[in-house]
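The values are calculated or read from the model by the stated rules, or taken from the named source; none is laboratory data. This is a predicted model, so every value here is computed, not measured. Virtual Cβ from ideal backbone geometry, glycine too; neighbours counted across all protein chains shown. Heads up: the accessible areas ignore ligands, DNA and RNA and are worked out on the full protein's heavy atoms, side chains in. Shrake-Rupley method; radii C 1.70, N 1.55, O 1.52, S 1.80 Å.
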Amino acid sequence: MASVKGFRGLGVRLVQTVSSTRAFARIAPHVVPALDRAVHRVTRGKVLLSAQLLPGVILTATGARSGQPRRTPLACMPESAAGGRPASWLLIGSNFGRTDHPAWTANLLAHPDAEISWKGEDIPVRARLLEGEERAAAWKALLAFWPPYATYQG
C-alpha cells in the first residue's frame with residue numbers, strides 16, 4: 001500500500017510540474033475540458049477525468065450574455081463539512097495560467113445561482129466573490145492544496 005501512495009505522490013508532483021509550464025497553459029484549455037465533458041457524459045456524471053489527481057466539478061452557470069446554461073468542468077478545492085458532502089467548493093478563475101479571465105467567472109458574477117455536479121450529484125449553489133482577509137486566507141489554503149496556482153498568478 002505504501003508504494004501505491006508513493007507512486008500517486010510522484011504522479012501528483014509530475015502533474016504539478018507539467019501544469020506549471022507555458023506549453024500546458026496553451027494546450028490544456030483546448031484539451032482538458034473537452035475530455036472532462038466527454039468522460040462525464042459517458043459515465044452519467046460519475047467521473048471527471050481530471051479529478052483523478054485534483055478534485056473537480058462540472059459547473060452549470062447561466063451565460064452572462066446569452067442567458068443559456070453553460071457547463072464547464074473545473075478543478076476545485078472542496079471545503080470540508082461534517083458528513084459526506086463538502087460544505088462549499090472554492091473555484092479558481094485561473095484559466096490554466098493564461099492572462100484573460102475564463103468566461104465562467106463573468107457568468108457567475110452576472111448570475112450567482114448555479115449548479116455543480118459533484119461525484120454524480122447535482123447540487124444547487126450560490127457563488128460569491130471572496131475579498132479581503134477571506135480571499136487571502138483562501139488563496140493561502142489553495143497554494144498549499146495545489147502549488148501550481150502560484151505559477152499561474154505570476
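Suppose the filter is of a type in the set (A, V, I, L, M, F, W, C) and closer than 23 Å to ALA38 by Cβ; does LEU59 pass it? So that I can check it myself, show each step before the final result.
Numbers: of a type in the set (A, V, I, L, M, F, W, C): yes; closer than 23 Å to ALA38 by Cβ: yes.
Yes: the conditions hold for LEU59.
Do we find that ARG85 is within 23 Å of ASP36 (Cα to Cα) and of a type in the set (D, E, K, R) in this structure?
Yes; evaluated as a whole, the condition is true for this residue.
Going by what's in this entry, would ALA38 be described as open to solvent by less than 30 Å² (accessible area, probe 1.4 Å), at pLDDT 75 or above and farther than 22 Å from TRP146 by Cα?
No, not satisfied.
Of all residues in the range 97-116, count the ones that are touching a strand residue (DSSP E or B) at 6+ places or on another chain (Cβ under 7 Å) and loosely packed, with under 12 Cβ neighbours inside 10 Å.
1
Given the criteria in contact (Cβ under 8 Å) with a residue 24 or more places away in the chain and out of contact with any His (no Cβ under 6 Å at 6 or more places or on another chain), does PRO147 qualify?
It is true that PRO147 is in contact (Cβ under 8 Å) with a residue 24 or more places away in the chain and out of contact with any His (no Cβ under 6 Å at 6 or more places or on another chain).
Please go through the range 115-154 and give me each residue that is in contact with a helix residue (DSSP H, G or I) (Cβ under 6 Å, 6 or more places away or on another chain) and small (Gly, Ala, Ser), ordered by number.
ALA127, ALA150
So which residues in the range 117-154 are part of a loop (DSSP other than H, G, I, E, B), open to solvent by 40 Å² or more (accessible area, probe 1.4 Å) and among the aliphatic types (A, V, I, L, M)?
LEU129
Do the conditions hold for ARG85, that is, is it modelled with pLDDT under 85 and of a type in the set (Lys, Arg)?
So ARG85 fits the description; yes.
Using the structure shown, decide if SER94 is small (Gly, Ala, Ser) and surrounded by 14 or more Cβ atoms within 10 Å (Cβ to Cβ). Break it down into steps so the answer makes sense when it comes.
Details: small (Gly, Ala, Ser): yes; surrounded by 14 or more Cβ atoms within 10 Å (Cβ to Cβ): yes.
Judged against the criteria, SER94 is a match.
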